[in-house]
Every structure is written in structure tokens, then in C-alpha cells.
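Scroll down for the structure; my scribbles are underneath it.
Here, each number is a calculation from the coordinates, and none is a lab measurement. No experiment lies behind these values; they were computed from the predicted model shown. Counting neighbours? That spans all protein chains shown, and the Cβs are built from the backbone with ideal geometry, glycine included.
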Amino acid sequence: MVIAGMAVIVLLAAALIGSLAMRVDVAQARETALAAAGGGEVVGQEIDREGLWNEYSFDIVNGGTWYEVEVNAFGKVTGLESSQGGYGGYGHWD
């Protein structure tokens, strides 16, 4: 019984360490978001910390289209919205 308990603890620890190693940082998340938007310029970003994990949100302008791209802690795009005609009420960015 003790050996089974120890095996479960070791397995959980290995899973936690593995998942921590697979996390992306903000630079990697930014590149993922830019790729999802087809390029452009990041004009805003937000990082939400959820315990051990970060979730990233980027506002990107690409030509006349703006995108809001959400990327999870493992680098997967979890949300993508787009709109034409400027961003946040501004029709032109310098």
C-alpha cells in the first residue's frame, strides 16, 4: 500500500514538472499570436496569471484589420476575434 502511494506521488510530481517545462513565455506566446493574425503589430497585451499558468491576450493590427488573440500557457490559440476598420476607435496607428 505504501509503495502504491509513493508511486502515485512520483507520478503526480513528474506530471507537474513536465507541464511546467511545456509552458511558453510571453515572447513565445506573442509569436504564436502574430502567426495566428498573419503578422502585424502588437498594440496591446495582457497577461492573466491563473495559479501556475499564465494566459495571454494580444491586440494586433494587421493592415485594416485588428485581432484579439488569446494564447494559453502551453502556446495554443484559444481565442481569435477580428474586425475591420481600425482598432479601439482609431482608424490609423503610427
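Fully extending the segment from residue 42 to residue 1 would add 9.4 nm, taking 0.36 nm per residue of separation and subtracting the current Cα-Cα distance.
A full extension of the chain between residue 77 and residue 23 corresponds to an added length of 18.1 nm, given 0.36 nm per residue minus the alpha carbon distance. Simple rule: put +1 on each Lys or Arg Cβ and -1 on each Asp or Glu Cβ in the range 40-79, find the dipole, and look at 51, 63, 73; the Cα lying farthest toward the positive end is 73. If you take the beta carbon distance between residue 49 and residue 10 as r and set R0 to 25 Å, what does 1/(1 + (r/R0)^6) give as a FRET efficiency, to the nearest 0.05? That gives a FRET efficiency of 0.35.
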